[in-house]
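S.K.: Sending over a structure as C-alpha cells; questions will come in a sec.
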Protein chains: 2
Amino acid sequence: MTKARIIVDAMSGDNAPKAIIEGALSGAVEYGTDLLLVGNPEIIKLILESEAKKYQSSPMDTLPDIIIKESQSVVTMEDDPSIVIKKKTDSSLAIATKLLKEGAGDALISAGNTGAIFTAATLVLRRIKGVRRAALAAIVPLDNPFVLIDSGANTDVQPEMLEQFAHMGAFYAERVMGIKSPRIGLINNGVESHKGTELQQDAYKLLKKTDLNFVGNIESRELPANACDVAVCDGFTGNIALKLIEGMASFMSRKIKQLFYSNSVTKFAAVLTQKQLDELKRSMDHREHGGAVLLGISKPVIKAHGSSDAYSISRTIKQAADYALGGVIDALNDEFTKKKFTRIRGLFDGKEEIRKDEA
Amino acid sequence: MTKARIIVDAMSGDNAPKAIIEGALSGAVEYGTDLLLVGNPEIIKLILESEAKKYQSSPMDTLPDIIIKESQSVVTMEDDPSIVIKKKTDSSLAIATKLLKEGAGDALISAGNTGAIFTAATLVLRRIKGVRRAALAAIVPLDNPFVLIDSGANTDVQPEMLEQFAHMGAFYAERVMGIKSPRIGLINNGVESHKGTELQQDAYKLLKKTDLNFVGNIESRELPANACDVAVCDGFTGNIALKLIEGMASFMSRKIKQLFYSNSVTKFAAVLTQKQLDELKRSMDHREHGGAVLLGISKPVIKAHGSSDAYSISRTIKQAADYALGGVIDALNDEFTKKKFTRIRGLFDGKEEIRKDEA
C-alpha cells in the first residue's frame, strides 16, 4: 500500500507544538504514514527525540520517515484570516499550505485559525473546478457518526451551494467513512418542504432533483437519533449545531460525574458501571473521528480542533491518510466536471455530444 | 391574592383532550387558579367528572371555578396558519383567543399548531404598541433555566427585532423568573463583535447601546453552561438550537438507560443511584418550566409543547398565572412607549419635552 506523507502545521493550536508533534508521531507509527512537520526545527527535534523513546522497540519498517521544514512565525487566532496568508508568508500555516501545493506531501493538518486555514487553502490550493464554495465537513460522533456540512466556513450561502455541499458530503461519507448510498438530510425548522427561509426552501427543491439519497428536511431534534449520514446546512447554522452538540455532551458528562460523585454509595455504583461509562465516553468522543475536512479544495486539508490533544491529532493523521488515499478528490473532480456538462447540455440543447468532446 | 382565570384550548395537542384537561385541573388546584376550558362540552365534562374524584378530600376554597365554552372544530397541524383563524372561527383556538380578547380570562394556553397560535394572537389580540414582531420565548432547563427568544416564530428578522426580543426576554426573566438584571447573550458563531452574518453584527451594535446587561456574543457551546439568562437569536436559529437541546437530552437519557440496563451488575448500580438519576432527569425536564411564551402580544398567550402530558400542562398553568399576574405586559407597554419617546427625541432634537407631553 502507498504510504501517505502528512504535512503537519506543528506550531498552531492551543496545545502546540508538544501535543501536535506527539500526536503526529504516534499517529504516523500507528497508521503507517510519513510526516512533514512545519515549525521551529529545534523545538520539533527536541520533542521528537523525547517522544522517540516510546517507539524504540518498534520494527524499523513501521516507523515513519520524518522531514522538518522551518517556519518563522505562527498565525494566531487574532490574525485577520483575509490578509494573514499574504502577510505572514513565513508562518507555519502558509509554508505548510505551499508545501502541499508543491506536492511535498499528500495532505495537510492544522489545528490553527479556521478562517486562515480556509483562506489559505482557497487562495493557494484553489477549489476543485466547478465548486463554488469549499465547506467544512465535521464528523459528528453520536448514535451514528454523520457528516455535518457546512459546519462553519460559509455564513452566507446560496441554495446551489447547499446542493454542492450535499454532493461533497456524500462523497466523503461513501469513500472515507464507507457508508453506502449515504442518506442526505437538509437541516430545517420542520420536515415539510415549505419550511425554513427561502434558502432552505430552494435548496430542498434542488436536492429533490439530484440523484442523491435525499431523505428530506431533518429537524435538529432528530440529528442525534441517526436521522441521516450527511446533514446539510449553511455555515452559521452548522456552527451553532456543532458547538451545541459539543456543549450538550460536556454538560452531560459533568452531570454524570456529579451523579456518581454524590456519595460513597454512588461512587461504588461508578465502579460497577466503569466499563459502560468508558464506552459511552468513547462513543461521544469527537477526537475519534479527527478534524473537519475542507471539502471542495483541490488537495486534502483538515482543520483539527483548536484544543486538539495528542490523541486527537493521531486520529486526524489516520483521517488525513484515508482522505488522501480514498480517491475523494478525484471522484469530486469527475463529479463536478460531469455536473458542468449537465449544465452545458441544458444550455445547448441537442449539442451535448459535441460539447462533451470539446471539454 | 387575585385568582387568575386561565383559558385552556382543551382540544389541541397530541394528547388532547384528556391530558390537557387532566393537567389543567390539577394545575388549577395546585397553583390556585380558575379555568375556562374551550372544547367539546360533553367530553370535557366526562373527563372532569372522572378527574374530580382525586380532589374529593380537598378543601372547597382550594378548588377552581371552572367554566366550559363550546367549540365545534380543532385546528390541526396540517392547517395553514395564515388562513386557519379566519376560516375555522368555530375552532377551540379561535374561540379561546376571542375569549381572551374579551377579558373572559387572564391568559391562554394551547398545545396546538404553533404558527396558528402565533397568527391568532397577532391578528386577534394584537401586538403591544411599538413591538415590531412578537416572539416565542422558550424556557430551557439546563444548569440554569434560560429564556431562548425567538425560539421559532420568526425565521426572517431584522437587527432591530433582535434588540426588541432582548428587551422582552429580559422583562420575562426578571418579572416571571425572578432573575435580577438578567444577562443577555446574542447567539453567534464566535464571541468577537465582528462574528456572524450582517444580522448578528448589526444586532450586536444595537444591543451594546441598550441599558440591558448585555454580555456579548454567546457561542452555542456555552449555552448549557450558564452563559446567560436570555439567549437572543432569530427564530430559525432558535428552533434549531431548542430542538437540538431536546434531541441531545433524549439521546443522553437513552444512553444512560442503556448503560444501566447492560447487565445485572449495572442494574444494581442503577438502584444505588436512583435518587440522583431522578434528580438529573428532573433538572433536564422541560415540562417543569411550562411552555413557550408569546412575548410582545398584548395579552398572555402560552404555547405548550405539542406532546404535552398532564404534568406539563399543570406546570404551564402555573407559568400562565405567574405571567398574567407578574406585570410583564404592563411593564413592556411602558418600556415600548418609552422607547418610542427615545426615538422621537432623536428626531426632534431639543423638543423632547413638548413631544413627551403631546404623546
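The values are calculated or read from the model by the stated rules, or taken from the named source; none is laboratory data. Bear in mind that the values here come from a model prediction, so they are computed numbers and not experimental data. Methodologically, a virtual Cβ is constructed for each residue, glycine included, from the backbone with ideal geometry; neighbour enumeration extends over all protein chains shown.
For every residue, the table says whether it meets (1) of a type outside the set (D, E, K, R); (2) part of a helix (DSSP H, G or I); (3) within 7 Å of chain B (Cβ to nearest Cβ); (4) in contact with a Ser or Thr (Cβ under 7 Å, 6 or more places away or on another chain).
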| site | (1), (2), (3), (4) |
| --- | --- |
| A:PHE214 | yes, no, no, no |
| A:ALA227 | yes, no, no, no |
| A:GLY238 | yes, yes, no, yes |
| A:ALA241 | yes, yes, yes, yes |
| A:LEU244 | yes, yes, yes, yes |
| A:SER250 | yes, yes, no, no |
| A:ARG254 | no, yes, no, no |
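S.K.: In addition: Assuming B:PHE268 fulfils every condition listed in (1) farther than 30 Å from A:LEU272 by Cα; (2) within 9 Å of chain A (Cβ to nearest Cβ) apart from one, which condition is it?
M.R.: Unmet for B:PHE268, out of (1) farther than 30 Å from A:LEU272 by Cα; (2) within 9 Å of chain A (Cβ to nearest Cβ): (1).
S.K.: Here is a further query. Among the residues of the stretch A:95-107, write down those that are among the small types (Gly, Ala, Ser) and under 10 Å from A:VAL38 (Cα atoms).
M.R.: Answer for the stretch A:95-107, where residues must be among the small types (Gly, Ala, Ser) and under 10 Å from A:VAL38 (Cα atoms): just A:ALA96.
S.K.: Follow-up. Quick one: in the stretch A:281-312, of everything that is at pLDDT below 90 and crowded, with 19+ Cβ neighbours inside 10 Å, which residue is nearest to A:GLY105 (Cα to Cα)?
M.R.: A:GLY290
S.K.: Among (1) in contact (Cβ under 8 Å) with a residue 60 or more places away in the chain; (2) of a type outside the set (Gly, Ala, Ser); (3) in a helix (DSSP H, G or I), which single condition is A:LEU280 missing?
M.R.: The number of the failed condition is (1).
S.K.: Is it the case that the stretch A:76-91 has a residue that's surrounded by 15 or more Cβ atoms within 10 Å (Cβ to Cβ), closer than 13 Å to A:ALA10 by Cβ, touching a strand residue (DSSP E or B) at 6+ places or on another chain (Cβ under 8 Å) and not β-branched (Val, Ile, Thr)?
M.R.: yes
S.K.: So which residues in the stretch A:47-89 are of a type in the set (D, E, K, R) and over 20 Å from A:THR114 (Cβ atoms)?
M.R.: Scanning the stretch A:47-89 gives A:GLU49, A:GLU51, A:LYS53, A:LYS54, A:ASP61, A:ASP65, A:LYS69, A:GLU70.
S.K.: Tell me which of these A:ILE149 doesn't satisfy, since it passes every other one: (1) modelled with pLDDT of 95 or more; (2) out of contact with any Leu (no Cβ under 7 Å at 6 or more places or on another chain); (3) more than 11 Å from every other protein chain (Cβ to nearest Cβ).
M.R.: The single condition A:ILE149 does not satisfy is (2).
S.K.: Please go through (1) assigned to a helix (DSSP H, G or I); (2) surrounded by fewer than 21 Cβ atoms within 10 Å (Cβ to Cβ); (3) at pLDDT 85 or above for A:GLU353 and return the number of the only condition it doesn't satisfy.
M.R.: (3)
S.K.: Here is a further query. Identify all residues within the stretch B:232-258 that are out of contact with any Lys or Arg (no Cβ under 6 Å at 6 or more places or on another chain) and surrounded by fewer than 21 Cβ atoms within 10 Å (Cβ to Cβ); write none if there are none.
M.R.: Correct list: B:SER250, B:SER253, B:ARG254, B:LYS255, B:LYS257, B:GLN258.
S.K.: Just to be sure I understand the filter: pairs with C-beta atoms under 7 Å, separated by 6 or more residues or on different chains, first member in the stretch B:20-43 and under 20 Å from B:ALA94 (Cβ atoms), second member hydroxyl-bearing (Ser, Thr, Tyr). Which pairs pass?
M.R.: Partner pairs satisfying both residue conditions: B:VAL38/B:SER71; B:VAL38/B:SER92; B:GLY39/B:SER71; B:GLY39/B:SER92.
S.K.: For the stretch A:193-212, which residues satisfy the criterion of being more than 12 Å from every other protein chain (Cβ to nearest Cβ) and surrounded by 16 or more Cβ atoms within 10 Å (Cβ to Cβ)?
M.R.: A:ASP202, A:ALA203, A:TYR204, A:LEU206, A:LEU207, A:LEU212
S.K.: From the list B:SER307, B:SER283, pick out the single residue that is touching an Asp or Glu at 6+ places or on another chain (Cβ under 7 Å) and either among the basic types (Lys, Arg) or closer than 28 Å to A:ASP143 by Cα (or both).
M.R.: None of the others qualify; the one that does is B:SER307.
S.K.: If you don't mind, another one. So if I check each of A:GLU163, A:GLU70, which one is among the acidic types (Asp, Glu) and surrounded by fewer than 17 Cβ atoms within 10 Å (Cβ to Cβ)?
M.R.: A:GLU70
S.K.: Applying the selection to the stretch B:95-111, what residues are of a type outside the set (Ser, Thr, Tyr) and under 13 Å from the mean Cα position of the chain (by Cα)?
M.R.: B:ALA107, B:LEU108, B:ILE109, B:ALA111
S.K.: Looking at (1) over 30 Å from A:GLY216 (Cβ atoms); (2) within 12 Å of chain B (Cβ to nearest Cβ), can you tell me which one A:VAL301 breaks?
M.R.: Here A:VAL301 meets the rest and fails (2).
S.K.: Another question about this same structure. Filter the stretch A:133-190 down to the residues that are in a strand (DSSP E or B) and more than 11 Å from the chain's Cα centre (by Cα), then identify the one that is farthest from A:SER283 (Cα to Cα).
M.R.: A:ASN188
S.K.: Here is a list of conditions, (1) touching a helix residue (DSSP H, G or I) at 6+ places or on another chain (Cβ under 6 Å); (2) under 30 Å from A:MET11 (Cα atoms); (3) aromatic (Phe, Trp, Tyr); (4) within 11 Å of another protein chain (Cβ to nearest Cβ), and A:PHE260 meets all of them except one; can you say which number that is?
M.R.: (2)
S.K.: Any idea which residue in the stretch B:259-274 is surrounded by the fewest Cβ atoms within 10 Å (Cβ to Cβ), counting only those that are of a type outside the set (A, V, I, L, M) and part of a helix (DSSP H, G or I)?
M.R.: So the residue we want is B:SER264.
S.K.: How about the stretch A:6-34: which of its residues are crowded, with 24+ Cβ neighbours inside 10 Å and either at positive phi or not in a loop (DSSP other than H, G, I, E, B) (or both)?
M.R.: Result: A:ILE6, A:ILE7, A:VAL8, A:ASP9, A:GLY13, A:ILE20, A:ILE21, A:GLY23, A:ALA24, A:LEU25, A:GLY27, A:ALA28.
S.K.: Is it the case that A:ILE117 is touching a Leu at 6+ places or on another chain (Cβ under 7 Å), of a type in the set (A, V, I, L, M), assigned by TED's automatic domain parsing to the domain that holds A:ALA16 and free of Cβ contacts under 8 Å to residues at least 40 places away in the same chain?
M.R.: Judged against the criteria, A:ILE117 is not a match.
S.K.: Additional query: On the basis of being outside any helix (DSSP H, G or I) and under 19 Å from the mean Cα position of the chain (by Cα), does A:LYS299 make the cut?
M.R.: yes
S.K.: Also: Go through the stretch A:214-257 residue by residue and tally those that are touching a helix residue (DSSP H, G or I) at 6+ places or on another chain (Cβ under 8 Å) and either more than 25 Å from A:GLU288 (Cβ to Cβ) or of a type in the set (S, T, N, Q) (or both).
M.R.: 11
S.K.: In the stretch B:275-331, what residues are under 14 Å from B:MET168 (Cβ atoms) and hydroxyl-bearing (Ser, Thr, Tyr)?
M.R.: If the condition is that a residue be under 14 Å from B:MET168 (Cβ atoms) and hydroxyl-bearing (Ser, Thr, Tyr), then B:SER298, B:TYR323 are the ones that fit.
S.K.: Could you list all residues from the stretch A:123-147 that are of a type outside the set (Phe, Trp, Tyr), closer than 20 Å to A:ILE313 by Cα and in contact with a strand residue (DSSP E or B) (Cβ under 7 Å, 6 or more places away or on another chain)?
M.R.: A:LEU136, A:ALA137, A:ALA138, A:ILE139, A:VAL140, A:PRO145, A:VAL147
S.K.: For the stretch B:174-192, name all the residues that are away from chain A (no Cβ under 13 Å) and modelled with pLDDT under 95.
M.R.: B:GLU174, B:ARG175, B:VAL176, B:MET177, B:GLY178
S.K.: Same structure, new question: Quick check on the stretch A:109-122: of everything there that is in contact with a Lys or Arg (Cβ under 7 Å, 6 or more places away or on another chain) and surrounded by 24 or more Cβ atoms within 10 Å (Cβ to Cβ), which residue is farthest from A:SER312 (Cα to Cα)?
M.R.: For the stretch A:109-122, the residue satisfying everything is A:ILE117.
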